[in-house]
Amino acid sequence: MLTLKTIHKIFFTATATLLAGCDTVVMSPSGDIAAQQANLIVWATGLMLIIVVPVIFFILLFAWRYRASNKEAVYEPDWDHSTSLELLIWAAPLAIVIALGALTWVSTHQLDPYRPLDRISEGRPIPEGQEPLIVEVVAMDWKWLFFYPEYGIAVVNQLAAPIDREIKFKITSTTMMNSFFIPALAGQIYAMGGMETKLHAVINEPGIYDGFSANYSGAGFNGMRFKFLGMAEEDFEQWLAQAKTEGEVLSRSVYQELAKPSEYNPVQYYSEVEPALYDSILNRCVEPGTPCMKDWMSPTHGEHHSQASADSQSEAGHKH
């Protein structure tokens, strides 16, 4: 027969084997937003365990105490109610649900990805006058394109940001839906064609972090990975200078070639970007002569269209 010591050894060996390939970055991130999300997971799990652990314990206790071989256990076939037990059974879960609801309500608003940050990290507010770094993100087939409008550059499959500076991501997609996710920085947020989602985050420690798409998007999905570089300010300036010197011009024609499906693209820098290119990608009007979505959805578009039709009819009547 297996001894208790042997069972423990088998259990811990199996657990270690199963968890050997796990990455714990989600629970030990380097960005303040991700750290707050990790704390939320810990608190929610702890609150639920307040119910789960006693329930499991008492199930095992009752099974042991009222086993068939225990002749000392009290047998009460007519027992059917206990007010104190009913209060305990219902009050404890109700209290946990209320606590979880309050925690979720507050955290949902504090960690709203669209909400600008009010701190760099715990106890450190945003410095006076510091503007966020704006990064425009385009999920493509099957690569990532990052625009830096403040600096006039773009990069394929590499993202960089200075530490302790708020980053404001504007995220869209060329075709199918993807999910923009850097576990060390913040939670995932979806990228959808013709739509723009937003994410505010900050990285607090220098390092090289993994970024990827967490939403399956076809044959090249596995190659939709990039490195996020958290840098000191001077290192970030050097990275910008490298992009400026090594890159080429990202014109509309170059972008149209880049937009064609491809897999495992290397890092590529663009030292100049054609004005309003990201806006054209978002509004699906990169190709010359294509009307932009924002113009079609403009409240005045219908008026212009009606006026144009009336003018055409008037002109046809005069000719007739």
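So what are the stretch 115-233's ellipsoid semi-axes, whole angstrom, largest first, if each one is the square root of 5 times an eigenvalue of the alpha-carbon gyration tensor? Display every interim value, and only then the final one.
Working: eigenvalues 121, 40, 35 Å².
Semi-axis lengths for the stretch 115-233 are 25, 14, 13 Å.
How far is it, in nm, from the label point at MET48 to the one at LYS244 when both lie 7 Å from their Cα along the line to the Cβ?
5.0
Could you give the accessible area per residue of the chain, probe 1.4 Å, as a whole number in Å²? Kindly include the intermediate steps, with their values, before the conclusion.
On the way: 19660 Å² over 320 residues.
Per residue, the chain has 61 Å² of solvent-accessible surface.
Taking only Cα atoms of the stretch 200-292, what ratio of Rg to Rh do you get with Rh as the Kirkwood inverse-distance radius? Let's see the in-between values first.
Working: Rg = 15.8 Å, Rh = 15.8 Å.
Using only Cα positions, Rg/Rh for the stretch 200-292 is 1.00.
For the chain, what value does the Rg/Rh ratio take when both radii are computed over Cα atoms and Rh is the Kirkwood radius, given to two decimals? List each step's numbers first, then the result.
Values: Rg = 28.7 Å, Rh = 24.5 Å.
The Rg/Rh ratio comes out at 1.17.
Quote the Stokes-Einstein diffusion coefficient, in whole µm² s⁻¹, for the stretch 45-85, based on the Kirkwood radius over alpha carbon pairs, a temperature of 4 °C and a viscosity of 1.567 mPa s. Spell out each step's value before the answer.
Working: Rh = 12.5 Å.
So the translational diffusion coefficient is about 104 µm²/s.
Using a 10 Å Cβ count of at most 11 others and DSSP loop calls, identify the longest part of the chain lacking such trypsin sites (Lys or Arg not before Pro). Mind showing how you got there, number by number?
Details: sites that count: ARG67, LYS71.
The answer is 72-320.
Mean residue ellipticity at 222 nm from the helices of the chain, using -39,500 (n - 2.57) per DSSP H segment of n ≥ 4 over the full residue count, to the nearest 500 deg cm²/dmol?
Values: 8 runs with 128 residues, N = 320.
Dividing the helical sum by the residues of the chain leaves -13500 deg cm²/dmol.
Using packing as a proxy for protection, rank 123-131, 202-210 so that the peptide with the highest average count of other Cβ atoms within 10 Å comes first.
On the way: 123-131: 9.6, 202-210: 17.9.
In decreasing order of mean packing, 123-131, 202-210 become 202-210, 123-131.
Rounded to two decimals, what is the ratio between the C-alpha radius of gyration of the stretch 160-214 and 2.2 N^0.38 Å?
Numbers: Rg = 11.7 Å, N = 55, 2.2 N^0.38 = 10.1 Å.
Here the Cα radius of gyration is 1.16 times the empirical estimate.
Considering the Cα trace of the stretch 172-253, what is its radius of gyration and what is Dmax, both in angstroms?
Gyration radius and largest Cα-Cα distance of the stretch 172-253: 14.8, 39 Å.
The values are calculated or read from the model by the stated rules, or taken from the named source; none is laboratory data. Treat the numbers as computed from the prediction; the structure is a model and nothing was measured. As a convention, Cβ positions derive from the backbone with ideal geometry for all residues, glycine included, and neighbour counts pool all protein chains shown. Note: accessible area is taken over every heavy atom of the protein model, side chains too, but ligands, DNA and RNA are not part of it. Shrake-Rupley method; radii C 1.70, N 1.55, O 1.52, S 1.80 Å.
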